[in-house]
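Take a look at the following structure, please.
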Amino acid sequence: MSLQQKIKAYLKLGKLGVVSLLDLAAVAGAFLAYKHGISLLPIIPMFIGGTLASMGAMIINSGIEIDRDKVMSRTSKRPTVVGYVNRKEVIIVGSLLAILGTALGFIDNILTAFFIALGVVIYIFVYTILLKPRTWLNIVIGGFAGSAAAWAGYTSLTNSLTLEGFLLGFLIFMWTPGHFWSLALKYREDYVNAHYPMLPAVVGITTSARAIAISNALMIPIVLLLGYYINLIALIAFSILSLFLMFLSYRLILNPTKEEAIKSFIFSNIYLMLILLIMIIVKLI
Ligand code: HEM
Ligand SMILES: CC(C)=CCC/C(C)=C/CC/C(C)=C/COP(=O)(O)OP(=O)(O)O
C-alpha cells in the first residue's frame, strides 16, 4: 500500500464527521469561558490536540473491534476489516496520536491535558472494552467521553471548571443517548448479530423510541439552563430547536420505523451543532 492510501485509510478510521462535532463542542466550551481581555490563543493547541486525540481514540477503537465490525453491515468495509491496515499497526498509530494530542494539551495547562486524556480513557477503556460488550448502559456512561471535549475547551482558557462549563459537558452527556439510540434503532440487526447489548437490540423498537424521547426530554432543561446563562436570544433559539427535537421524538414513538430513526439521528446532530454554533456566535457579536 502506498503512503497516500494508508493516510486515506486512517482518515476513514478517524471518523472526521464525529471529530468535527467534538471539535465544535471544544471550541464552544472555550467561547463559553471567554471574557473580554483574555487571550484566545490557547484554543489552538487544545483544538489540534483534541482533534489528534479523538481521531487516535477512534482509530484504537477500530483496532479493538475488528472481529465484531466484520459482522455488522455498517462497519464491514472498514480498512481494518478489509485488511488494508492490521490490528497492531492501528493500535500503535492510534495510541501515538492520543499521546501526542494529550501532550499538546499541556501547552495550555494540566487540566486541559487531563480532559483530553480522560476523553480517550473513557472511550477506550470504559466504553469500548468494559461496557460496550456487557450492558445497554454502555453509551450512557460512555457519553462522558464527549463531555471531556467540552471541558478541555473550557479549561483551555480558564484553567478551571465553573458551573456553566460543567453544564456544557453535562449537556453533551445527556444528548448522547438520543443521538446513539436513534442510529442503533436503524442498525438494530447489526447489533443483534454482533452480540452487542445496545438498547434497541435488547428491549426492541417501541421501548427504544420511548427511551430516545425520554432522554431527549431530560436533556432539554440543561439546554435551556445554558441558554438562560448565555442570553435571551440563545434561550429563544434553544427553545425553538428543542421543540422541533421533541416533535421528531414524538413522531418516532408514533411510527418507530428505520426512516424515522435516521431522521431523528440526523436532526440530533444538527441540533447539537446549531446549539454549539449559537453559543460561539453570541459571544462574537
Ligand atoms: C459513547 C458515545 C457515542 C456513541 C456510542 C456514538 C456512536 C456513533 C456511531 C456508531 C456513529 C456512526 C457513524 C460512524 O461510525 O462514523 C456516530 C456518528 C456520529 N456521531 Fe456519535 N457517538 C457517541 C458520541 C458522540 C459525541 C459525543 C459526538 C459529538 C459531540 C458525536 C458525534 C457524531 C457525529 C457528528 C456522527 C455522524 C458522523 C458522520 O456521519 O460522519 N457522537 N456516533
Ligand atoms: C476529548 C476527547 C479526546 C474525546 C474523545 C471522545 C470520543 C472519542 C468520542 C467518540 C464517540 C463515538 C464516535 C463513538 C462511536 O461508537 P462506537 O465505537 O460504538 O462506533 P462503531 O460501531 O462505529 O465502532
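Positive end of the dipole of segment 163-278, charges at C-beta (+1 Lys, Arg; -1 Asp, Glu), about the Cα centre: which of TYR271, PRO256, TRP181 has its Cα farthest in that direction?
In segment 163-278, that residue is PRO256.
Another question, then. Name the lysines eligible as straight-distance cross-link partners of LYS6: C-alpha to C-alpha under 22 Å, and not fewer than 8 places from it in the same chain.
In chain and number order, the partners are LYS15, LYS70, LYS77, LYS88.
With only Lys, Arg, Asp and Glu charged, each at its Cβ (+1 for the first two, -1 for the last two), find how big the charge dipole of the chain is about the Cα centre; round to the nearest 20 debye.
Values: 21 positive and 11 negative charges, 126 e Å.
Approximately 600 debye in magnitude.
Go through segment 131-141 residue by residue and turn each phi into a ³J(HN,Hα) via Karplus (6.51, -1.76, 1.60, θ = phi - 60°); whole Hz please, and just put x for glycine and proline.
Taking θ as phi minus 60°, the curve returns 8, 4, x, 10, 9, 5, 7, 3, 7, 5, 6 Hz for segment 131-141.
In a GNM of the chain with a 10 Å cut-off on Cα contacts, which of THR128, THR155, THR206 has the highest mean-square fluctuation?
Fluctuation is largest for THR206.
Sticking with this one: Give, rounded to the nearest 20 debye, the magnitude of the charge dipole that segment 161-284 has about its Cα centre when Lys and Arg contribute +1 at Cβ and Asp and Glu contribute -1 at Cβ.
Here the size comes out at about 120 debye.
Just to be sure I understand the curve: with the Debye formula and one point per C-alpha of segment 12-118, what is log10 I(q)/I(0) at q = 0.15 Å⁻¹?
For the requested q values the scattering log ratios are -0.65.
Determine the equivalent ellipsoid of the chain by diagonalising the alpha-carbon gyration tensor, then write out the semi-axes as square roots of 5 times the eigenvalues, largest first, rounded to whole Å. Display every interim value, and only then the final one.
Numbers: eigenvalues 167, 143, 41 Å².
Taking √(5λ) for each Cα gyration eigenvalue gives 29, 27, 14 Å.
Let me ask something else about it. Could you work out the local net charge near ASN216, counting Lys and Arg as +1, Asp and Glu as -1, over the other residues with Cβ closer than 14 Å to its Cβ? Numbers along the way, then the final one.
Working: positive: ARG210, ARG251, LYS263; negative: GLU260.
So the surrounding residues net to +2.
Choose one of ALA209, VAL192, VAL223: the residue whose Cα lies farthest towards the positive end of the charge dipole of the chain (beta-carbon charges +1 Lys, Arg; -1 Asp, Glu; about the Cα centre).
VAL192
To the nearest 0.05, how large is the calculated FRET efficiency for LEU100 and THR257 if R₀ is 51 Å and r is the Cβ-Cβ distance?
Working: r = 43 Å, r/R0 = 0.85.
According to the calculation, E is roughly 0.75.
Compare the Cα positions of HIS36, LEU13, SER73 along the charge dipole of segment 1-95 (+1 at Cβ of Lys, Arg; -1 at Cβ of Asp, Glu; about the Cα centre) and return the one farthest towards the positive end.
SER73
Next up: Cut-off is 10 Å between beta-carbons; in what order do ARG74, ARG251 appear when sorted fewest neighbours first?
ARG74, ARG251
Counting only complete DSSP H runs, which helices of the chain cover 20 Å or more along their long axis at the Cα atoms and score a mean Kyte-Doolittle of 0.0 or above?
Numbers: long enough: 16-33 (25 Å, 2.13); 43-64 (31 Å, 1.54); 87-108 (33 Å, 1.36); 144-158 (21 Å, 0.64); 163-186 (36 Å, 1.06); 205-230 (37 Å, 1.53); 232-254 (33 Å, 2.35); 258-284 (39 Å, 1.51).
Length and hydropathy pass: 16-33, 43-64, 87-108, 144-158, 163-186, 205-230, 232-254, 258-284.
Sticking with the crude label model, points 7 Å out along Cα→Cβ, report the distance from ILE280 to TYR228 in nm, one decimal please.
Label-label distance for ILE280 and TYR228, simple model: 2.7 nm.
Dipole size in debye (nearest 20) for segment 88-228 around its Cα centre, Lys and Arg Cβ +1, Asp and Glu Cβ -1? Please report the intermediate quantities before stating the final value.
On the way: 6 positive and 5 negative charges, 73 e Å.
Using Cβ point charges on Lys, Arg, Asp and Glu, segment 88-228 gives about 340 debye.
Hey, what D do you get for segment 161-284 in µm²/s if you plug the Kirkwood alpha-carbon radius into Stokes-Einstein at 37 °C and 0.692 mPa s?
Taking Rh from Cα pairs, D becomes 221 µm²/s.
Every number here is computed from the coordinates shown, using simple stated rules; none is lab data. Every value quoted in this text rests on a predicted model; they were computed, and no experiment measured them. Cβ atoms come from the backbone with ideal geometry, glycine included; neighbour counts cover every protein chain shown.
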